[in-house]
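Every read-out reported here was derived from the displayed coordinates using simple, explicitly stated rules and does not represent laboratory data. Since this is a predicted model, take the numbers as computed values, not measurements. Heads up, the Cβs are rebuilt from the backbone with ideal geometry, glycines too, and the neighbour counts pull from every protein chain shown.
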Amino acid sequence: MINKENIEIRPYKIADYSQVVDILILSFESKFKKLTNLETNNLKSYMMDALLFDNQPQDGYFVATIKNEVVGVVKATYSNKAKVNNTNKTSFFYLEKKYGLRNVIKLRFAMILLSDSTNKGEYYIEHIAVSERARGHGIGTKLLEKVFDEANRLDEIDKVTLYVAGTNQGAVKLYERIGFKTIKKRKSFLMQLVFKKRTWFFMSKYLNGESRPKLTLNRYWWLGLLGLIGFVYINDIRNVFIHGENYFILLNLLWFSWFIYFIPSKR
């Protein structure tokens, strides 16, 4: 039985990393297992070796604990946040040898698709997750409250934003209940191809009143022009995901990772 009075929200520590990855695996497992042939233990091992999720303490990185057990995590970022370098990152060649080139390329590209750049004035939630046994006790809400406390502390921030899969209606309802509104619905062929989830909601909550969202270009929009090269290989890439053909074709996904920067978005 979970006593809500025992729930503590505190800054993330390096010692929390293994427990944090356990929680994030539950959140991302359904997405990543569609891409790889890795079992859960190997998927966790890869996440820790490749540092798919930051292992260093930083602004906006918090965990929820109950009697020193980590039961939830949230990580948020903003445009002028101080950069923190992760430690002990494993080389690409070691990862390829241990987990297979196909798995490494697909998972790296998946993380690129799931990432998003932040605009000025925006406090963006990169991920939020609660352990399975601790769900239904308001921990997600407490983590979000901590996010808003931090956002209000920063003078340049006027809104909190996030992306959520359109199929995750439980999360959508939670965000709407605490004041988030859907700014746009993004339908992505690449997200459908990689995650089997085509529709994603970009949601926002303004801290002091609400203003109309604007259509803005990514600050790296110029890289997007290079991404046009990727369309030459679109059919070949599609065949790799469907039929498992020549995996080296997946290297052309990098062009699409740049093209994403060229697409304006409503923020």
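For Lys197, enumerate residues with amide H under 5 Å from its amide H, sequence gap 5+ or separate chain, H modeled in the peptide plane.
Gln192
Using 7 Å Cα-to-Cβ label points, what is the Leu207/Ala82 separation (nm, one decimal)?
Placing both labels 7 Å beyond Cα along the Cβ direction yields 1.9 nm.
With label points built 7 Å along Cα→Cβ from the Cα atoms of Glu132 and Leu101, find their separation and express it in nm.
Simple spin-label model gives 3.5 nm for this pair.
Quick one: what does P(r) look like for the range 4-213 with 10 Å bins over all Cα pairs, in whole %?
8, 33, 38, 19, 2, 0
If I take every Cα pair under 8 Å that is 6 or more residues apart in the range 1-90, average their sequence separation and divide by the length, what percent do I get for the relative contact order?
Working: 92 pairs, mean separation 33.7, N = 90.
In percent, rounded to a whole number, it is 37.
Return the lysines within reach of Lys181: Cα separation strictly under 21 angstrom, same-chain partners fewer than 8 residues apart disregarded; answer none if there are no such residues.
In chain and number order, the partners are Lys75, Lys120, Lys142, Lys146, Lys159, Lys173, Lys197, Lys205, Lys214, Lys266.
Have a look at the range 101-199 and give its Rg and Dmax from the Cα atoms, expressed in angstrom.
Cα radius of gyration and Dmax of the range 101-199 are 15.2, 44 Å respectively.
Sort 144-153, 195-204 by the packing proxy (mean of other Cβ within 10 Å over each peptide's residues), most packed first.
Top of the packing list down: 195-204, 144-153.
If amide H atoms are built 1.01 Å from N in the plane of the peptide, which residues on other chains or at least 5 residues away come under 5 Å of the amide H of Glu126?
Close amide H contacts, sequence-distant or interchain: Lys75, Ala76, Thr77.
How much length would be gained if the chain were fully extended between Phe93 and Ser188, taking 0.36 nm per residue of separation minus their Cα-Cα distance, in nm to one decimal? Walk me through the numbers before you get to the answer.
On the way: separation 95, 0.36 × 95 = 34.20 nm, distance 3.06 nm.
That works out to 31.1 nm of additional length.
By how many nm would the segment from Asn6 to Asn68 grow when fully extended, if each residue of separation counts as 0.36 nm and the alpha-carbon distance is taken off? Don't skip to the end; give the middle numbers.
On the way: separation 62, 0.36 × 62 = 22.32 nm, distance 0.98 nm.
Gain in length upon complete extension: 21.3 nm.
Under the rule a/c < 1.5 gives rounded, and otherwise a/b versus b/c splits prolate from oblate, where does the range 17-133 land using the Cα gyration tensor? Numbers along the way, then the final one.
Values: a/c = 1.70, a/b = 1.26, b/c = 1.35.
Cα axes put the range 17-133 in the oblate bin.
Once the piece of chain linking Glu145 and Glu176 is laid out straight, how much longer is it, given 0.36 nm per residue of separation minus the C-alpha distance between them? Numbers along the way, then the final one.
Working: separation 31, 0.36 × 31 = 11.16 nm, distance 1.37 nm.
Computed gain between Glu145 and Glu176 is 9.8 nm.
So who's got an amide H within less than 5 Å of the one on Ile183, skipping anything under 5 residues away but keeping other chains? H placed 1.01 Å off N, in plane.
It is Phe202, Met203, Ser204, by chain and number.
Step through the residues of the range 151-157 one at a time and calculate ³J(HN,Hα) from phi using the Karplus curve (6.51 cos²θ - 1.76 cosθ + 1.60, θ = phi - 60°), rounding each to whole Hz and writing x for Gly and Pro.
These are the phi-based 3J(HN,Hα) values: 4, 5, 6, 9, 4, 7, 8 Hz.
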